[in-house]
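Accompanying notes for the structure given below.
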């Protein structure tokens, strides 16, 4: 049975952290086992928090042997940088990116492992394909998300409908190669990772999942979307039009030694 490392970026999560830690301690292991994997560790990556997040993680880790706090940065770098720091320390066969509010519950993992067993090289949760359920999300966020995703497809050529859902299952070795030379450390890192995966010829499964909007989210949708679109435009130029600036084929850049492993 394949092992799993949960990777959860966290920045100033003092208010929501108790719920996350309780969910990891009580519900993560059975959810991962139901998905046909073994939970090896939960890597909560502190991204330069200035509140009590670090202190709380240290205290929780003394009681939960599977919890491995990662203190990668003294100042805030961004979700992409935090995910890369967690992947660098992951010891499982697979990594699962999850949000600190578990907006997509870990119980949804079985849908991603099923996609991998069916032949996908990596599987991503989606709020925008048939079968997805989005609860409690305000309408303006849904509309802006749909517009953002249409723009991403137009700029990048990706055929995916939701690049930004924070629920992605990737073989650890593959994730490390996709994150090598990461240029986007913020929210646009998902687009960069998926563009590199597609250019490498990897099969990406977009899987409908349950998404529970957390009204306590501190993401400012308008400003964050504008920053992401700026970064995505730069990615499209570098990776799609210039072939990453290496003079190579911008459509296909194989990853060395990458193969799809069955999670069984």
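Take the stretch 61-89 and flag every residue that is farther than 24 Å from residue 192 by Cβ and touching a residue at least 40 places away in the same chain (Cβ under 8 Å).
Scanning the stretch 61-89 gives 64, 66, 67.
Are any residues in the stretch 26-51 in contact with a helix residue (DSSP H, G or I) (Cβ under 8 Å, 6 or more places away or on another chain) and either within 22 Å of residue 81 (Cα to Cα) or part of a helix (DSSP H, G or I) (or both), and if so, which ones? Step through it out loud before you land on a result.
Let us first name the residues in the stretch 26-51 that are in contact with a helix residue (DSSP H, G or I) (Cβ under 8 Å, 6 or more places away or on another chain), namely 27-28, 31-32, 34-39, 42-47.
Matches in the stretch 26-51: 27, 28, 31, 32, 34, 42, 43, 44, 45, 46, 47.
List every residue pair whose Cβ atoms lie under 9 Å apart, where the two residues are 6 or more positions apart in sequence or sit on different chains, the first residue falls within the stretch 94-110 and is on the phi > 0 side of the Ramachandran plot and buried (at least 20 other Cβ atoms within 10 Å of the Cβ), and the second residue, located anywhere, is at pLDDT 95 or above and not in a helix (DSSP H, G or I).
Sorted first by the residue in the stretch 94-110, then by its partner, the pairs are 102/8.
For residue 187, indicate whether it is modelled with pLDDT under 95 and either surrounded by fewer than 21 Cβ atoms within 10 Å (Cβ to Cβ) or under 13 Å from the mean Cα position of the chain (by Cα) (or both). Can you show your working first?
Details: modelled with pLDDT under 95: yes; either surrounded by fewer than 21 Cβ atoms within 10 Å (Cβ to Cβ) or under 13 Å from the mean Cα position of the chain (by Cα) (or both): yes.
Yes, satisfied.
On the basis of being free of Cβ contacts under 8 Å to residues at least 60 places away in the same chain, on the phi < 0 side of the Ramachandran plot, surrounded by fewer than 18 Cβ atoms within 10 Å (Cβ to Cβ) and part of a loop (DSSP other than H, G, I, E, B), does residue 55 make the cut?
Working: free of Cβ contacts under 8 Å to residues at least 60 places away in the same chain: yes; on the phi < 0 side of the Ramachandran plot: yes; surrounded by fewer than 18 Cβ atoms within 10 Å (Cβ to Cβ): yes; part of a loop (DSSP other than H, G, I, E, B): no.
So residue 55 does not fit the description; no.
Checking residue 169 against (1) more than 23 Å from residue 89 (Cβ to Cβ); (2) touching a helix residue (DSSP H, G or I) at 6+ places or on another chain (Cβ under 8 Å); (3) at pLDDT 95 or above, which single condition isn't satisfied?
(1)
The values are calculated or read from the model by the stated rules, or taken from the named source; none is laboratory data. None of the values given here were measured: they were computed from a predicted structure. Ideal geometry is used to build each Cβ from the backbone, glycine not excepted, and the neighbour counts take in all protein chains shown.
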